[in-house]
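Step one of this worksheet: look at the structure below.
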Amino acid sequence: MSEIRGPIAIVGAGPTGIACAIELQRRSLEALCYDKGFLLNSIYHFPEEMVWFSTRDRLDIAGVPFASPQAHPTRLQSLAYYRAVAEKFGVRVRAETEILSAVRDSSGGFAISAVSRGKSVAFRAPAVVIATGFFHNPKRLGVRGESLPHVTSRYVSAFPYHDRDVVIVGGRNSAVEAALDLFRHGARVTMVVRGESISERVKYWIRPNLMNRIQAREIRALFRSHVREIRPSEVLVETPDGEVRVPADAVFPLIGFEPDFAFLERCGVRIEGDQRVPAHDAGTLESNVPGLYLAGAVLSGTETGRLFIENSRDHASRIADALHRRLLSVHA
Ligand SMILES: Cc1cc2nc3c(=O)[nH]c(=O)nc-3n(C[C@H](O)[C@H](O)[C@H](O)COP(=O)(O)OP(=O)(O)OC[C@H]3O[C@@H](n4cnc5c(N)ncnc54)[C@H](O)[C@@H]3O)c2cc1C
């Protein structure tokens, strides 16, 4: 462990980053969160009317009860809850600061480079916790027209799309929920799905609803199909029956997310196996880089459904315990 003083750098100020800051503080270790956006940047950008599938007791952090009237809180309630927890414990967040790399140097600490509100900055930290999740990094289709202004990988609200043509690419939870929501708000929805059907892994209380809408021809679904090109007012889709041109006022590629593997590699973290899981010790969550820890959804690799708030809430205390032990051994 480094002799560098100053706060431990936590990359990401989502629920995991907040929980890590609190657990470190409980062990008298100073921490500072850095976020490329702001406190709870990911959840803020979730669909506006999203309701958590987890119940409130499985979403709470730092031992603070999540007192919402419903068992399944809304996005807005969760934003208020996590912010209140961060406030209560005085969690410090440096917003609009994207960490580009954190490299272990000869002192045993980390040289960190970042961009803060358009300016390059460099600083050092005795240890680093990466809690960057994956939601900030949507997968791309890799087709022409993907950067047009009516194409977005973030579905927020159906209200702008009443009586308009919308194409959704994907057949899993995010795509299905968006398709139903848009349909209910009066959009004409076409889904472009690579597989033979809607994924069996879609939430069991949502899938039948969508299948019924497809059967009733209220939502159009093109299966075994993929997007060839996006144009300003249509999408070219390759289907088993040949190329189809689908009118589109808006296009939502909702094909999933993945951790920013390039960032992890810039920090020296090894990415392992088919599922591209960052190398880490199963007990302490320390990566292959001594003093650099990984927490929360970033540990999922490509299987982003594997780790979520519910089953990664213990990461913060495990990392804080490990860091506390390391520091005690250095300063003893
Ligand atoms: C629609 C939807 C529904 C979900 N429902 C549930 C549910 O019911 N129950 C459940 O347990 N989980 C659910 N999840 C998953 C859950 O939201 C995530 O597991 C959780 O947000 C992960 O928290 P985190 O703090 O690890 O990452 P995030 O919340 O993603 O936070 C990561 C933060 O890191 C920041 N960041 C990223 N890269 C950098 C960088 N280089 N420098 C600085 N900052 C950076 C981001 O801006 C972000 O604020 C759902 C996810 C989605 C998308």
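Each value in this text was obtained by applying a stated rule to the coordinates, not by laboratory testing. Note that the coordinates shown come from a computational prediction; the quantities given were computed from them, not determined experimentally. Quick reminder, even Gly has a Cβ in these numbers, built from the backbone with ideal geometry, and neighbours come from all protein chains shown.
Only aspartates and glutamates eight or more places from Lys36 in sequence, or on another chain, were considered; those with a Cα closer than 12 Å are Glu96, Glu98. For the stretch 1-144, averaging the sequence separation of C-alpha pairs within contact (under 8 Å, six or more residues apart) and dividing by the residue count gives a relative contact order of 33 percent. Going by a ≥ b ≥ c, the root eigenvalues of the Cα gyration tensor, does the stretch 53-183 fall in the rounded group (a/c under 1.5), the prolate group (a/b larger than b/c) or the oblate group? Since a/c reaches 1.5 but b/c is at least a/b, the shape of the stretch 53-183 is classed as oblate. Take every pair of alpha-carbon atoms less than 8 Å apart whose residues are at least six positions apart; their mean separation over the length of the stretch 190-332 yields a relative contact order of 13 percent. Screening the chain for whole DSSP H helices with an alpha carbon extent of at least 18 angstrom along the helix axis and a mean Kyte-Doolittle hydropathy of at least -0.5 yields 75-88, 315-331. For the chain, the relative contact order works out to 20 percent when only alpha carbon pairs closer than 8 Å and six or more residues apart are counted. Computed from the Cβ-Cβ distance with R0 of 25 Å, the FRET efficiency linking Ser120 to Ser147 stands at 0.50.
Distance from the C-alpha centroid of the stretch 167-245 to that of the stretch 55-110: 34 Å, rounded to the whole angstrom. In the stretch 179-332, with Lys and Arg counted as +1 and Asp and Glu as -1 at Cβ, which of these residues, Val235, Asn311, Gln215, has the Cα nearest the positive end of the dipole, that is, farthest along it? Working it through, the farthest residue towards the positive pole turns out to be Gln215. Taking the Cα centroid of the stretch 248-262 and of the stretch 140-155, what is the distance between the two, rounded to the nearest whole Å? Measuring centre to centre over Cα atoms gives 8 Å.
Taking R0 as 56 Å, what FRET efficiency do you get between Arg184 and Gln275 from their Cβ-Cβ distance, rounded to the nearest 0.05? Once the sixth-power term is evaluated, E becomes 0.95.
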